[in-house]
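Taking it in order: structure first as structure tokens, then the write-up.
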Amino acid sequence: MEPANFSDILLEGLAPDGGLVVPKEVPHVELSEIESWRGLAYPQLAVKVIGKLWTDIDIADLEGICERAYGAQFSNDIVPLRKIDEQITLVGLSEGPTLAFKDMAMQFLGEAIPYVLTKRGQTLNILGATSGDTGSAAEYAFRSQPNVAVFMLSPQGRMSEFQRAQMYSLPDENIHNIAVEGVFDDCQNMVKELNGDLEFKAANTLGTVNSINLGRVAAQVAYYFWAWLRATDALDEAGRAEFEATFSVPSGNFGNIFSGHLAGQMGLPVRRLLLATNENNVLEEFFRTGVYRPRNRENTLATSSPSMDISKASNLERFVYHLLGSDAHRLREAWEKLDATGSLDLSAELERFASEFRIVSGKSTHNDRLAAITWVHETSGEIIDPHTADGVTVARELAEPVENVLVLETAKPQKFADTVIEALGFEAPVGEELADLLGRPQRTVDMADDSQVLRDYITEHAVR
Ligand SMILES: *Cc1c(COP(=O)(O)O)cnc(C)c1O
């Protein structure tokens, strides 16, 4: 929690043992300033919003970063809004190369981190383990960056055809897909072992890009502003001045919705944030009861919205810090208590801030997802994925009659064909580009579950 400048944080956030950094002071944006951004394209709006948080960068450089990050890798309008009915509108966050919302932040980090590294004459070797999706967002973000290499471990033969095609077809020299003879836990254990060897880590400038990097949160704040601006484009001046947006956010690690919380704290008119979980409802329970009770692996279900199958929410600590009056000492005490007893009762604090923070939670089941996919298709002709379906379910359950809800679309339905077929009887049409992806040659390094072999490989291939 030491104050540091944003450029430091971008690199330090990479350390798996680094504490969570929060902005020292939340910058405030007046409504008149938000209005002055209305005519901007997405990359230029991102410069305005991220520039409020990343203050130690030359604005011309930030412009270059955002233009490269939100460029040709995205299809359509970067973040398109699609109306489903009078009350529900989708905010498309999955137009990037891996068809999921992680690209929104990862593409930014893929430009911002190499920029800082270049300024400092440093290099970075990203070591990670993936069971599917987070790894590919990182690979697409850092491909062909000269001062970065990515070593991504995945369990041999345990990913979907689509996931394999997406990751293993990247031809870039600096991307190393390492297919381990084992399961995801074996991959993760090897990463942990190497990260714990500080000498090896320093010698090879190893780091990870984890979900708690503040740069990721900052990049995500931008699309909340974008969605508010697009949702109010058709209103007159008076209508715009009083419009408050409600967002429904399919949630796992609390990263996406924390960015929405920060947008509201910065001055974006937010009426409510609806936090949607699947059957793994640790967060739904927290916002309903005030008690945070993380679960272990055995009590985490494998659901049809798998990117939300979490047992503890790594970003929640940031929000709890706000709840505890931005007092690092109280936060440390609370976390010690959580570690000792397995749960943390913050109901009094949540109550106190309820009118300021306005986060309400709901949960969805597999059958709810199927029903939401069917309803959206029947109502609008659109096809949504099961994560977005969790958001739609909770939006329909919690929306007040006067309320319009912006549901964040966190993935494309083509990534989760089985559930879409179960709901609709057919799958979302696969475009030419996707069909082409499945046919491309794949390239992996097959490796035994042996950390010495991994060490040797990294030593030989790391960027220096
Ligand atoms: C990561 C992810 C989520 C959850 O986002 P958090 O920031 O972890 O809350 C939801 N949907 C999809 C498709 C994701 O990939």
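At 24 Å minimum axial length over the Cα atoms and a Kyte-Doolittle cut of -0.5, report the qualifying DSSP H helices in the chain, or say none.
Span-like helices, by this rule, are 102-120, 214-231.
Could you pull the accessible area for F243 with a 1.4 Å probe, rounded to 10 Å²?
Roll a 1.4 Å probe over it and F243 shows about 40 Å².
Which aspartates and glutamates, on any chain, are close to K363 with Cα under 18 Å apart, when same-chain ones fewer than 8 places away are left out?
The reachable aspartates and glutamates, counting only those whose Cα sits under 18 Å from K363, are E279, E284, E285, D309, D385, D390, E397, E400, E409.
According to the square roots a ≥ b ≥ c of the eigenvalues of the Cα gyration tensor, what is the shape class of the range 123-196, taking rounded for a/c under 1.5, prolate for a/b larger than b/c otherwise, and oblate for the remainder?
Judged from the Cα gyration tensor, the range 123-196 comes out oblate (a/c at least 1.5, b/c at or above a/b).
First check a/c for the range 269-394, with a ≥ b ≥ c the square roots of the eigenvalues of its C-alpha gyration tensor; if it is under 1.5, answer rounded, and if not, answer prolate when a/b is larger than b/c or oblate otherwise.
Since a/c reaches 1.5 but b/c is at least a/b, the shape of the range 269-394 is classed as oblate.
So if each residue of separation counts as 0.36 nm, and I subtract the Cα-Cα distance between E244 and L437, what length gain in nm does that give?
65.4 nm is the gain from fully extending E244 to L437.
Just tell me which lysines come within less than 16 Å, Cα to Cα, of K201; anything on the same chain fewer than 8 places away is out.
K192
Ignoring everything but the protein chains, give the 1.4 Å probe accessible area of E427 in square angstrom, nearest 10.
About 90 Å², rounded to the nearest 10.
Counting only protein heavy atoms, what percent of the accessible surface of the range 78-145 is carbon or sulfur at a 1.4 Å probe?
Details: 850 of 1830 Å².
It is 46 percent, rounded to a whole number.
Rounded, prolate or oblate for the chain? Axes are the square roots of the Cα gyration tensor eigenvalues, ordered a ≥ b ≥ c, and the cut-off for rounded is a/c under 1.5.
In terms of gyration-tensor shape, rounded.
Modelled label-to-label distance, E199 and I421, 7 Å Cα→beta-carbon offset: nm?
Computed distance between label sites E199 and I421 equals 5.3 nm.
Please list, short to long, the whole-number percent of alpha-carbon pairs of the range 25-168 in consecutive 5 angstrom bins beginning at zero.
2, 8, 16, 17, 18, 16, 11, 7, 4, 1, 0
How big is the gap, in Å, between the Cα center of the range 305-359 and the Cα center of the range 61-97?
Value for the Cα centre distance between the two parts: 30 Å.
For I421, I383, write out the residues from largest to smallest accessible area, computed with a 1.4 angstrom probe and no ligands counted.
I421, I383
Kindly report, to the nearest 10 Å², the accessible surface of H28 as traced by a 1.4 Å probe over protein heavy atoms only.
H28 exposes around 120 Å² with every protein chain in place.
The values are calculated or read from the model by the stated rules, or taken from the named source; none is laboratory data. Worth saying up front: this structure is predicted, and the values here are computed from it rather than measured. Here Cβ is always computed from backbone atoms with ideal geometry, including for glycine, and neighbour counts include all displayed protein chains. All accessible areas refer to the heavy atoms of the entire protein, side chains included, with ligands and DNA or RNA removed. Shrake-Rupley method; radii C 1.70, N 1.55, O 1.52, S 1.80 Å.
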